[in-house]
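Quick note: the coordinates plus some simple rules give every number you see, no bench work behind them. Just so we're clear, the structure is a prediction, and the values are computed from it rather than from any experiment. Here Cβ is always computed from backbone atoms with ideal geometry, including for glycine, and neighbour counts include all displayed protein chains.
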């Protein structure tokens, strides 16, 4: 009797397993048939049928997509094609929203990791990465809370990151932050946030110019060249900064460009002109004197040479 009872239970379990297996096998073909039946502009239905069938099985067997595919299969309960197709679209839209929400949470974690490891450029690049921009500006019902949390964190932290990049002498800059207003518009930055980022960008770009000049200072002196980054017009963006910050950057610029590079070049040119008894100002002395005259930079020991070039270059 016991053997007979176990045999019946085993047979019942086997039949139940078979029914469930057949149900899944039948559901995917039915899903493919219904999709092809409701598709209006599909010519090669025979060729598309096995593709949809395999797609269904693959999605069901993957852990990440199993639930989504299962919800799509429930749409087979809809009798009308219009209801079936709408059901599928609703499931897909919900999945995209959930996926987008997860991506925003993960993206914010990534930004914080880069920030913690003091990799400021990677942190700000993660804030403006194209694939994130596409997700955040999605027109359907987007996960606003996650998106705003992501954007607000980036907008608040980015000026500090840009400042640190400038202090490090980094040559990195992100086009989408400093040269393209699309990011600020898309992130719905307030005027105060946008101004803070724009000012940080000005400071970063000016710091990068000074870093380049400082790095090549010996080369400029050996070639008797005055770097273009030291031209007076290159200081115009400093007007966008607060007065104290602008003055700090301007003093660094004046010391490097005019005292460390400009005046030694004038001394060399002065000796050459005296030796050759020439009275030709030249391109570089004219550019250098423009800065000395604009900001009245001459020191007492420099007045003789500066007065010489002032008379020579103003003729």
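Figures for the structure shown
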quantity: Per-pair calculated FRET efficiency, R0 = 30 Å: residue 234 and residue 311 via Cβ, rounded to 0.05; calculated: 0.70
quantity: Separation in nanometres of the label points that stand 7 Å from Cα toward Cβ, at residue 219 and residue 247; calculated: 3.5
quantity: Three-way shape label, region 217-313, alpha-carbon gyration tensor, a/c 1.5; calculated: prolate
quantity: Where labels lie 7 Å past Cα in the beta-carbon direction, separation of residue 48 and residue 272 in nm; calculated: 7.6
